[in-house]
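**Q** This is the structure I have questions about; it appears just below.
The values are calculated or read from the model by the stated rules, or taken from the named source; none is laboratory data. Note that the structure is a prediction, hence the values are computed from the model and not measured. Please note: Cβ atoms are built from the backbone with ideal geometry, for glycine as well, and neighbour counts cover all protein chains shown. Accessible surface areas use protein heavy atoms only, side chains included; no ligands, DNA or RNA. Shrake-Rupley method; radii C 1.70, N 1.55, O 1.52, S 1.80 Å.
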Amino acid sequence: MNKMLSKLFSSIFKEKIVIEVKNSPYNRQPLLSLNKHSLDYYRRFVKGNLGISEDQASRKMSRNMLLAYPYKYDSLTKQRPRVWYAYGCLRFIVRDNEVIWMQNHQPVFKVWYKDLEKYERLNKEFGIEEEYIK
């Protein structure tokens, strides 16, 4: 499973927007983009994100992906694999470094927990503005 996920991550993350933070294990981590539907859903149905900018939403979803539990991998074609993530009660699908679907208020996986130290570190490294941190 780990080999499959590492191959998947290397194929998903193509250079788009890249963060540069000194002494960060996440250097060269591209930011996720959100399609129009996912961005609208994120603003309307995920608590505390009503007026969030597209850039800040992208940074938050990139952080959430690194903290999330990847629970499903599928591929309609080998060139466009999808990974399904669970971040608390938020579910989302990433394909080609883009969030293509999300759904909130889902049951929380028992194997997932929020690593608060990593969460705080990623907030600083991704430059997530204080007003959007819960």
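**Q** Can you find even one residue in the range 56-69 that is closer than 22 Å to GLU120 by Cα and exposed (fewer than 14 other Cβ atoms within 10 Å of the Cβ)?
**A** no
**Q** Output the qualifying pairs, or none if there are none: Cβ atoms under 9 angstrom, residues six or more apart or on different chains, first residue in the range 39-57 and free of Cβ contacts under 8 Å to residues at least 40 places away in the same chain, second residue open to solvent by 50 Å² or more (accessible area, probe 1.4 Å) and among the basic types (Lys, Arg).
**A** Sorted first by the residue in the range 39-57, then by its partner, the pairs are LEU50/ARG43; LEU50/ARG44; GLY51/ARG43; ALA57/ARG43.
**Q** Among what's in the range 58-92 and is of a type in the set (D, E, K, R) and not in a strand (DSSP E or B), pick the residue that is nearest to PHE45 (Cα to Cα).
**A** Ranking the qualifying residues of the range 58-92, first place goes to LYS60.
**Q** Scan the range 98-115 for residues that are assigned to a loop (DSSP other than H, G, I, E, B), farther than 16 Å from PHE45 by Cα and in contact (Cβ under 8 Å) with a residue 12 or more places away in the chain and jot them down.
**A** VAL108, PHE109, VAL111, TRP112, LYS114, ASP115
**Q** Restricting to the range 31-55, what's the tally of residues that are part of a helix (DSSP H, G or I) and polar (S, T, N, Q)?
**A** So the answer is 1.
**Q** Among the residues of the range 76-95, which ones are surrounded by 16 or more Cβ atoms within 10 Å (Cβ to Cβ) and either of a type outside the set (A, V, I, L, M, F, W, C) or touching a Leu at 6+ places or on another chain (Cβ under 8 Å) (or both)?
**A** PRO81, ARG82, VAL83, TYR85, TYR87, GLY88, ARG91, VAL94, ARG95
**Q** Is it the case that GLU131 is among the acidic types (Asp, Glu), open to solvent by less than 60 Å² (accessible area, probe 1.4 Å) and not in a strand (DSSP E or B)?
**A** No.
**Q** Quick test for you: out of ARG95, ARG80, pick the one residue that is closer than 16 Å to SER33 by Cα and either in contact (Cβ under 8 Å) with a residue 24 or more places away in the chain or hydroxyl-bearing (Ser, Thr, Tyr) (or both).
**A** It is ARG95.
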